[in-house]
Amino acid sequence: HIAGEVKEALEEKLCCTLTKVNVAAAGRALKTGRAEYSIDLPAEPVTSRQIYELEMGAISEIRKQVSEQRDALNYYCVGHSVVHYYLDDYPFSTIIGHKGTKARADVIATFLPTEVVDSLCAAMAIIGCEITHLTLEPIAAMNAVIPAELRLLNLALVDIGAGTSDIAISENGSVSAYTMATVAGDEITEELIRKYLVDFQTGERMKHEAAAGQEEI
């Protein structure tokens, strides 16, 4: 089990036992939507509880969009990003501690079938780890590579993996969209398989040797 080998290598390097894990999920069957949700405010400053209410309200609206689609699968929210907060229709990066009469959040969220999430939980349980946080690979890649102060630029992050390429778009200081494309490194391996009539593992080896600059394979 590859995850178990990675866990053991990390434990050996860090001299500790790992029991909890944060997971960035890949998903060819993800559903992404965007919605706004607003609440009326009292005279007091905006609290973190009201921020939570705004975000969860928007996610609930997106869940309705997803559930209205034709397939009968149940979906689980695996990540969301706030595009903008608004206070009395003025955009803010954060509204906590501010006063106003009406707050609104513009949110994008993505969902995976519950079967995929259950499989991730089962795989982690096999290696003795509990999932404490779940997000999506494009969100994790964006947070790792493009800090918030650079998101004023119009940037596209493309993380090319094996089976999928993760895409996240930033503009005007926030993440405005993310998705996945099922075109990635395996496409090169599959072309080698077709051209040289080899199995998948041999195709992978040929690809890596060529990438390392080896002239004769």
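The values are calculated or read from the model by the stated rules, or taken from the named source; none is laboratory data. Since the structure is predicted, the reported quantities are computational estimates derived from the model, not experimental observations. Here the Cβ positions follow ideal geometry from the backbone for every residue, glycine too, while neighbour counts run over all protein chains shown. What goes into the accessible areas is simple: the full protein's heavy atoms, side chains included, and nothing from ligands, DNA or RNA. Shrake-Rupley method; radii C 1.70, N 1.55, O 1.52, S 1.80 Å.
Report whether or not Ala25 is modelled with pLDDT under 90 and open to solvent by less than 60 Å² (accessible area, probe 1.4 Å).
Numbers: modelled with pLDDT under 90: yes; open to solvent by less than 60 Å² (accessible area, probe 1.4 Å): yes.
Answer is yes for this residue.
Check off (1) closer than 17 Å to Val82 by Cα; (2) in a strand (DSSP E or B); (3) under 14 Å from the mean Cα position of the chain (by Cα) for Ala105 and give me the number that stays unchecked.
(3)
This table checks each residue for (1) within 22 Å of Ser174 (Cβ to Cβ); (2) open to solvent by 80 Å² or more (accessible area, probe 1.4 Å); (3) touching a helix residue (DSSP H, G or I) at 6+ places or on another chain (Cβ under 8 Å); (4) outside any loop (DSSP other than H, G, I, E, B).
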position: Lys7; (1), (2), (3), (4): no, no, no, yes
position: Glu11; (1), (2), (3), (4): no, no, no, yes
position: Arg34; (1), (2), (3), (4): yes, yes, yes, yes
position: Pro45; (1), (2), (3), (4): no, no, no, no
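Find all pairs meeting these conditions: Cβ atoms under 6 angstrom apart; at least six residues apart or on different chains; first residue within the range 91-112 and closer than 14 Å to Ala35 by Cα; second residue in a strand (DSSP E or B) and acidic (Asp, Glu).
Cβ pairs passing all conditions: Arg104/Glu36; Asp106/Glu36.
Does Ala156 qualify as being out of contact with any Asp or Glu (no Cβ under 9 Å at 6 or more places or on another chain), over 15 Å from Met142 (Cβ atoms) and modelled with pLDDT of 90 or more?
Details: out of contact with any Asp or Glu (no Cβ under 9 Å at 6 or more places or on another chain): yes; over 15 Å from Met142 (Cβ atoms): no; modelled with pLDDT of 90 or more: yes.
It is false that Ala156 is out of contact with any Asp or Glu (no Cβ under 9 Å at 6 or more places or on another chain), over 15 Å from Met142 (Cβ atoms) and modelled with pLDDT of 90 or more.
When only residues in the range 161-189 that are open to solvent by 70 Å² or more (accessible area, probe 1.4 Å) and modelled with pLDDT of 90 or more count, which is farthest from His84 (Cα to Cα)?
My answer is Ile188.
Failed condition for Tyr196, given (1) open to solvent by 90 Å² or more (accessible area, probe 1.4 Å); (2) under 17 Å from the mean Cα position of the chain (by Cα); (3) aromatic (Phe, Trp, Tyr), with all others met?
Just one mismatch for Tyr196, condition (2).
Please specify each residue of the range 68-90 satisfying the condition of being open to solvent by 50 Å² or more (accessible area, probe 1.4 Å) and either touching a residue at least 60 places away in the same chain (Cβ under 8 Å) or over 26 Å from Asn143 (Cα atoms) (or both). Can you show your working first?
Quick first cut of the range 68-90, residues open to solvent by 50 Å² or more (accessible area, probe 1.4 Å) only: 68-74, 76, 80, 88-90.
Glu68, Gln69, Arg70, Asp71, Ala72, Leu73, Asn74, Asp88, Asp89 - these are the residues of the range 68-90 that are open to solvent by 50 Å² or more (accessible area, probe 1.4 Å) and either touching a residue at least 60 places away in the same chain (Cβ under 8 Å) or over 26 Å from Asn143 (Cα atoms) (or both).
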